[in-house]
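Student: Let me begin by handing over the structure; questions about it come next.
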Amino acid sequence: MGHLLGHAVRFGPAGDVMAAGEGIETMLSLRCVIPSMPMVAALSAAHLAAILFPATLRRLYIVRDDDPAGDGAVKRLIDRAQMDAIEAMVLSPQCGDFNEDLRNFDINALRAASRIQLAPEDVVRFLSTSVRTSIGDEVSTRP
């Protein structure tokens with residue numbers, strides 16, 4: 001797999017706002033409700049704490065797993081972000097992680113739980129988008 005330290009599986013191009021979490025399943029679950037936000041899956045708590053920040057990054061959403069390793073990664077990543085003048089905000093699941101939330105609740109509940117944890121400008125930017133259905137119709141979603 002190559003050198004992992006500092007790197008992650010990327011979903012979307014880097015920008016000024018990004019979400020970062022441990023697992024692919026966790027990040028893909030969150031991406032179901034915030035599909036246009038760039039995200040990365042670090043593959044472990046240790047790798048999450050060590051991800052490299054894109055030069056354009058101004059706000060980082062740290063997608064927390066509800067366990068001791070996740071708590072440690074969040075603390076280290078917040079400290080690193082602050083040293084680079086990046087605003088760090090934590091997104092917390094209701095269960096153990098966002099994949100478990102998606103499996104235990106429905107997508108609308110996950111969207112609502114995520115919405116209240118985002119900065120207001122990011123709600124407008126990432127949750128007020130139009131999406132294409134499988135038959136090609138464009139549907140607008142509301143924040």
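The values are calculated or read from the model by the stated rules, or taken from the named source; none is laboratory data. All values derive from a computational prediction rather than experimental measurement. A quick note on method: Cβ atoms are made from the backbone with ideal geometry, for glycine too, and the neighbour counts reach across all protein chains shown.
Student: Could you tell me whether the stretch 15-37 includes any residue that is closer than 20 Å to L118 by Cβ and over 12 Å from the mean Cα position of the chain (by Cα)?
Tutor: Yes; the residues of the stretch 15-37 include at least one that is closer than 20 Å to L118 by Cβ and over 12 Å from the mean Cα position of the chain (by Cα).
Student: Which of the residues belonging to the stretch 16-44 are of a type in the set (V, I, T), under 23 Å from E121 (Cβ atoms) and either in contact with a strand residue (DSSP E or B) (Cβ under 6 Å, 6 or more places away or on another chain) or assigned to a helix (DSSP H, G or I) (or both)?
Tutor: Listed by number, the residues that qualify are V17, V33, V40.
Student: For the stretch 62-79, indicate whether the set of residues that are in contact with a strand residue (DSSP E or B) (Cβ under 8 Å, 6 or more places away or on another chain), surrounded by 15 or more Cβ atoms within 10 Å (Cβ to Cβ) and assigned to a loop (DSSP other than H, G, I, E, B) is non-empty.
Tutor: yes
Residue by residue, here is whether (1) among the basic types (K, R); (2) at pLDDT below 95 holds:
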position: G23; (1), (2): no, yes
position: M39; (1), (2): no, no
position: A45; (1), (2): no, yes
position: A55; (1), (2): no, yes
position: R58; (1), (2): yes, no
position: R64; (1), (2): yes, yes
position: G72; (1), (2): no, yes
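Student: Within the stretch 98-143, restricting attention to residues that are assigned to a loop (DSSP other than H, G, I, E, B) and at pLDDT 90 or above, which residue is surrounded by the most Cβ atoms within 10 Å (Cβ to Cβ)?
Tutor: L118
Student: Are any of the residues in the stretch 90-105 under 20 Å from V17 (Cα atoms), of a type in the set (V, I, T) and in contact (Cβ under 8 Å) with a residue 24 or more places away in the chain?
Tutor: The answer is yes, given that some residue of the stretch 90-105 is under 20 Å from V17 (Cα atoms), of a type in the set (V, I, T) and in contact (Cβ under 8 Å) with a residue 24 or more places away in the chain.
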